[in-house]
Amino acid sequence: MFNFSDNLPKDIAIISRHMSAYLAKKLEPLGIGAGQGPYLFLLYVQDGQSQQELSNKLLLDKAATVRSINRLEEAGYVERVPDPKDNRSFKIFLTEKGRSVRPQLEKALSEVIGILNLGLSEEEQVMTRKIVRRILGNITQVSRDFKCKE
């Protein structure tokens, strides 16, 4: 019989909620929600990505990306620039304000990662990342297959 009180999906959901709440509290003074941080991190790695590219990398639907980019744009952290190669598309660029908050975002994320890794050896941390990435790959593939069949 399935154990509804002791299972991996429940544990992952609880970790995600607590992590998001922690990040939201840390980023609140900046006017950045926990769900908007990942977009900024992707832009720190490669500025000028399209909304579609950001959605694909975060495995989020277009509507969620549009909402987050709208909020970041309203707060002055990013700007949309029409894509010269595709009039229907925009490239998202960090503003000076968006670049200036990188240290605070990195600090908040480092704190969360530190909390998640409390009491874990380096070997356990590496193994956990490998296992979680494998689980993510499994569910992502099934999810993509499912969407294609609809």
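Quickly run through segment 70-103 and pick out the residues that are modelled with pLDDT of 95 or more, polar (S, T, N, Q) and closer than 26 Å to residue 143 by Cβ.
Listed by number, the list holds a single entry, 70.
Looking at segment 50-69, can you tell me whether even one residue there is more than 30 Å from residue 142 (Cβ to Cβ) and either small (Gly, Ala, Ser) or modelled with pLDDT under 95 (or both)?
Checked against the condition, which is being more than 30 Å from residue 142 (Cβ to Cβ) and either small (Gly, Ala, Ser) or modelled with pLDDT under 95 (or both), segment 50-69 yields no hits at all.
Are any residues in segment 94-134 surrounded by 13 or more Cβ atoms within 10 Å (Cβ to Cβ), among the aliphatic types (A, V, I, L, M) and outside any loop (DSSP other than H, G, I, E, B), and if so, which ones?
94, 105, 108, 109, 112, 116
What are the residue pairs meeting all of these: first residue in segment 49-73, first residue over 13 Å from residue 33 (Cα atoms), second residue among the β-branched types (Val, Ile, Thr) and surrounded by fewer than 18 Cβ atoms within 10 Å (Cβ to Cβ), Cβ atoms under 8 Å, and 6 or more apart or on different chains?
51/66; 59/140
What is the residue count in segment 61-105 for residues that are in contact with a Ser or Thr (Cβ under 8 Å, 6 or more places away or on another chain), hydrophobic (A, V, I, L, M, F, W, C) and within 26 Å of residue 144 (Cβ to Cβ)?
Final tally of qualifying residues: 3.
What number of residues within segment 12-38 satisfy the criterion of being farther than 20 Å from residue 132 by Cα and more than 13 Å from the chain's Cα centre (by Cα)?
9
The values are calculated or read from the model by the stated rules, or taken from the named source; none is laboratory data. Given the structure is predicted, the values throughout are model-derived calculations rather than measurements. We place every Cβ from the backbone using ideal geometry, glycine too, and count neighbours over all the protein chains shown.
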